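Readers should treat all values here as calculations from the given coordinates under stated rules, not as data from a laboratory. Please read all numbers here as calculations on a predicted model, not as lab measurements. Positions of Cβ are generated from backbone atoms using ideal geometry, with glycine treated the same way; all protein chains shown enter the neighbour counts.
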Amino acid sequence: MDLTDYVRFVVTLAAVVDPFLAIPVFVHLTGGRPTAESARLARVVAVTVFLVLAFSTFFGESLLQLIGASLSAFRVGGGLVLLLMALAMLNAKAGGVRQSEAEEDELHSGDVSGVVPLAIPLLAGPGAISTTILAAEAGPLSHKVAIVFCIAIVCLLSWVTLSKAHVITARVSLTTLNVATRILGLLLAAMAVQTMAEGLRTLLPGLAH
């Protein structure tokens, strides 16, 4: 991968993680809490997302080999997951891939700590994990370190976004946040189709002709 590929990975991962989509959830969870507690939760969520994705970078491919799944098949499956997420984002919704109805009900009941479901699965869900595994595939240690650095950039963006969530919601309308989510969803849809096409080209060589 050259610099352009790493930049593309950062953009794709940022679209998959989509901290803007998590702002209403974060505000709901931290409403009425002290500012220091909200800041601590934003920091813990960002660190959790980083640890999950960094683990996927170094051990994700080994787990695939353990279950006997090829990277090409994983590209098709991961691309499908990303496409489902993108379609939900185009409707400004989290979608079932990120969060089930039961998880949403649990969230609104107030019986969750915030790390779940904010960090997992809302931010570091199946889409983010599969994107990271595919980007880190069969690369040397230096490549994986670069991928982790890219992940750190996205997590830093998520931390800043969540830590300023109350300020953002006070100054920016929900419609504006939804527009940002829809734009990211459109970008993600294009990347999802590209990922699926690359996987299918390997699994079914005849499609390349």
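Which value, in debye to the nearest 20, describes the size of the charge dipole of the chain about its Cα centre when Lys and Arg Cβ atoms bear +1, Asp and Glu Cβ atoms bear -1, and nothing else is charged? Write down the numbers at each step before the final one.
On the way: 12 positive and 13 negative charges, 97 e Å.
For this selection, approximately 460 debye.
Decide, for the chain, between rounded, prolate and oblate: order the square roots of the alpha carbon gyration tensor eigenvalues as a ≥ b ≥ c, take rounded if a/c falls under 1.5, and otherwise choose prolate if a/b is larger than b/c, else oblate.
On the way: a/c = 1.90, a/b = 1.66, b/c = 1.15.
It comes out prolate by the Cα gyration axes.
Estimate the FRET efficiency between Ser72 and His28 by the formula 1/(1 + (r/R0)^6), using the beta-carbon distance for r and 45 Å for R0, to the nearest 0.05. Let's see the in-between values first.
Working: r = 40 Å, r/R0 = 0.89.
Efficiency at R0 = 45 Å is approximately 0.65.
Once both labels are modelled 7 Å past Cα along the beta-carbon direction, what's the Leu203-Met1 spacing in nm?
Between Leu203 and Met1, the label points sit 2.2 nm apart.
Calculated from DSSP H runs of 4 or more alone, at -39500 (n - 2.57) each and per residue, what is the 222 nm mean residue ellipticity of the chain, nearest 500?
Values: 10 runs with 164 residues, N = 209.
Value at 222 nm, helices only, nearest 500: -26000 deg cm²/dmol.
By average Cβ neighbour count within 10 Å, what is the ranking of 152-158, 30-36 from highest down?
Values: 152-158: 18.9, 30-36: 10.9.
Ranked from most to least packed, the peptides come out as 152-158, 30-36.
Treat the count of other C-beta atoms within 10 Å as a stand-in for reagent exposure and order His28, His143 from fewest to most.
Least to most surrounded, the residues fall as His28, His143.
Nearest 10 degrees is fine. How inclined is helix 19-30 to the longest principal axis of the chain, computing both from alpha carbons?
It works out to around 30 degrees.
Each label point is 7 Å from the Cα along the Cα-to-Cβ direction; what then is the distance between the points at Leu157 and Ala36, in nm?
In this crude label model, Leu157 to Ala36 measures out at 3.2 nm.
Among Arg43, Arg75, which comes first, second and so on when ranked by fewest other beta-carbon atoms within 10 Å?
Working: Arg43 13, Arg75 24.
The most exposed by this proxy come first: Arg43, Arg75.
Rank by packing, highest mean first: peptides 62-68, 133-139, 116-122, 172-178, with packing defined as the count of other Cβ atoms within 10 Å averaged across residues.
On the way: 62-68: 10.0, 133-139: 18.9, 116-122: 21.6, 172-178: 12.6.
Highest mean packing first, the order is 116-122, 133-139, 172-178, 62-68.
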